[in-house]
């Protein structure tokens, strides 16, 4: 199964970024996808998935643009596509998200866990993510299943979009209901910040690093941690 999924990701890389991972051949590519989808589910879903590929590729290229726009260390588009963990993660996530929409369940989780193991970025395939999604560094990012992320959103390493709590049914099983944050367009969240619960972060908001946030934030906000305490310089070997 893992080899089949690796073939699918190779195909997605080749068709999304032609010339970098090899040229795409439409006829052989469709046969490849058909064999993969049939192996995972059934033939009837192949054409639906194929029809979604242009949009997946468009979104992936906006993700590349987002990384290039937000990182002055970038030297080329090819560098972002080949080297940056953000793009590896998003190829897996955006493919998995479309498969999940087709009613295929376990395989999308396998795809995102493959990327999680390689990048340290954990995005649930059910999360909804808009275009131009940027990730800087990425290690330790967690995005829960019911998260909704708008367009032109930037997350730094260690950010968690998680659940504050959840309810159980009469049998004691967790209820799968909206429980993760909503980030509107043009939101930036800096490193090691946790946003928990079904809260809404308004558009054009910047949230600083090391913030614990469990309430709604209006648009155009600036949320920062408490100011660090400045102590006098130590002298004569004095400690804290």
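Laboratory data are not the source of any read-out in this text; all were calculated from the coordinates shown. Keep in mind it's a predicted model, so treat the numbers as computed, not measured. Backbone-built Cβ (ideal geometry, glycine too); neighbour counts: all protein chains shown.
The rule of thumb for compact globular proteins, 2.2 N^0.38 Å, goes into the C-alpha radius of gyration of segment 1-120 1.04 times. Cα convex hull, segment 115-207: 90 Å³ per residue, rounded to a whole number.
Under the Kirkwood approximation for Rh and a Cα-based Rg, what ratio Rg/Rh is obtained for the chain? Can you show the working numbers first?
Values: Rg = 20.3 Å, Rh = 19.3 Å.
So for the chain, dividing Rg by the Kirkwood Rh gives 1.05.
Between helix 46-70 and the chain there is an angle of about 30 degrees, using the helix long axis and the longest principal axis of the Cα atoms.
Helix 106-119 and the long axis of the chain differ in direction by around 50°, with both axes built from C-alpha atoms. The order of 223, 129, going from fewest to most other C-beta atoms within 10 Å of their C-beta, is 223, 129.
Helix 2-16 and the long axis of the chain differ in direction by around 90°, with both axes built from C-alpha atoms.
With neighbour counts taken as other beta-carbon atoms within 10 Å, the residues 2, 131 rank, fewest first, as 2, 131. Residue exposure proxy: 105, 97, 180, 203, ordered by other Cβ atoms within 10 angstrom of their Cβ from fewest to most, comes out as 105, 203, 97, 180. Go ahead and estimate [θ] at 222 nm for the chain from helices alone: -39,500 (n - 2.57) per DSSP H run with n ≥ 4, summed, over the residue count, rounded to 500. My calculation for the chain gives -13000 deg cm²/dmol from helical runs alone.
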